[in-house]
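The values are calculated or read from the model by the stated rules, or taken from the named source; none is laboratory data. Keep in mind it's a predicted model, so treat the numbers as computed, not measured. Every residue, glycine among them, receives a Cβ derived from its backbone with ideal geometry; neighbour counts consider all protein chains shown. These accessible areas exclude ligands, DNA and RNA; they are computed on the full protein's heavy atoms, side chains included. Shrake-Rupley method; radii C 1.70, N 1.55, O 1.52, S 1.80 Å.
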Amino acid sequence: MKRVLATIAAAALLVAGCSSSKPSKATPSELQGGAKVGKYEGAGLDPAQPRPSFTLTDTAGKPFAFGSTTSGHPTFLFFGYTNCPDVCPATLADIATALRRVPASVAEKSYVVFVTTDVKHDTGPVIKQWLANFASGAKATFVGLRGTQAQIDAAQAAAHITLASDDGKTHSASALLYGPDDYARVLFLQSNDEAKAMEHDLKIVAKA
């Protein structure tokens with residue numbers, strides 16, 4: 001099937017300016033999701049992207065190796081910051097809603113990994129408290145990660161996500177979903193039916 005790229009929509013939605021109208025840096029290039037194609041309701045990725053390897057600090061102050069720890073599990077990966085007024089809480093809420101709707105057997109083996117782009121203000125306790133707003137009843141493992149600016153930039157680059165700017169307040173709006181096969185074949189952009197798309201695609205990805 002010929003893959004139809006929604007390049008104009010992607011360009012408008014891939015970077016979220018939560019408090020600034022300045023554009024995000026263009027390097028490294030953002031993953032370009034396609035239109036709804038085939039079995040996925042989210043934006044299809046072609047080629048599929050391998051689960052990245054990076055190590056950051058979790059909310060307990062311990063190293064968390066993303067690649068090895070989440071390997072083999074359905075995993076949502078999102079970069080943002082806790083004081084974001086719109087995209088970040090909406091995206092996490094949609095992920096949590098999707099997890100509550102899928103079978104418990106799927107949710108219980110899933111990870112939700114939030115990486116802060118605000119290295120100055122998002123401490124471990126702040127991230128932990130913020131994630132607690134979404135984790136209740138979702139059954140998945142929610143993980144909050146932080147690091148130095150260089151570490152956060154490296155993690156975004158490893159995930160092929162546009163580097164955040166404006167002290168982390170202008171950041172990617174993409175939520176990546178990796179499957180048990182350790183590849184991401186779909187990402188999600190903020191939309192009115194995002195939770196429904198996540199629910200639909202998580203069920204498919206969990207079987208990969």
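Would you confirm whether or not the range 162-176 contains a residue that is over 22 Å from THR82 (Cβ atoms) and either surrounded by fewer than 17 Cβ atoms within 10 Å (Cβ to Cβ) or touching a residue at least 60 places away in the same chain (Cβ under 8 Å) (or both)? If you could, list the steps in order and put the result at the bottom.
In the first step, residues of the range 162-176 are kept if they are over 22 Å from THR82 (Cβ atoms); the result is none.
No: zero hits.
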Selected residue (criterion: modelled with the lowest pLDDT) from residues of the range 182-195 that are closer than 18 Å to PHE134 by Cβ and in contact with an Asp or Glu (Cβ under 7 Å, 6 or more places away or on another chain): GLU194
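For residues that are surrounded by 19 or more Cβ atoms within 10 Å (Cβ to Cβ) and at pLDDT 95 or above, scanning just the range 44-63, find the one that is farthest from LEU189 (Cα to Cα).
THR59
Can you tell me how many residues within the range 64-97 are of a type in the set (Ser, Thr, Tyr), closer than 13 Å to PRO50 by Cα and either assigned to a helix (DSSP H, G or I) or open to solvent by less than 30 Å² (accessible area, probe 1.4 Å) (or both)? If you could, list the steps in order and put the result at the bottom.
Of the range 64-97, the ones of a type in the set (Ser, Thr, Tyr) are 68-71, 75, 81-82, 91, 97.
From what's left, closer than 13 Å to PRO50 by Cα: 68, 70-71, 75.
Subset that is either assigned to a helix (DSSP H, G or I) or open to solvent by less than 30 Å² (accessible area, probe 1.4 Å) (or both): 68, 70, 75.
Summing the residues that are of a type in the set (Ser, Thr, Tyr), closer than 13 Å to PRO50 by Cα and either assigned to a helix (DSSP H, G or I) or open to solvent by less than 30 Å² (accessible area, probe 1.4 Å) (or both) in the range 64-97 gives 3.
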Can you tell me which residue in the range 98-130 is least open to solvent (accessible area, probe 1.4 Å), limited to those that are without any contact (Cβ under 8 Å) to a residue 40 or more places away in the chain and either touching a Gly at 6+ places or on another chain (Cβ under 8 Å) or on the phi > 0 side of the Ramachandran plot (or both)? PHE114
Could you identify the single residue in ALA184, ALA155, ALA138 that is touching a Lys or Arg at 6+ places or on another chain (Cβ under 6 Å) and either surrounded by fewer than 21 Cβ atoms within 10 Å (Cβ to Cβ) or not hydroxyl-bearing (Ser, Thr, Tyr) (or both)? ALA138
Single residue of PRO125, PRO85, PRO52, PRO74 found to be within 16 Å of the chain's Cα centre (by Cα) and either aliphatic (A, V, I, L, M) or closer than 27 Å to ASP166 by Cβ (or both): PRO52
The one condition in (1) in contact (Cβ under 8 Å) with a residue 40 or more places away in the chain; (2) under 14 Å from PHE114 (Cα atoms); (3) not β-branched (Val, Ile, Thr) that ALA138 fails to fulfil: (2)
Breaking point among (1) of a type in the set (Val, Ile, Thr); (2) within 23 Å of GLN149 (Cβ to Cβ); (3) in contact (Cβ under 8 Å) with a residue 60 or more places away in the chain, for THR82: (3)
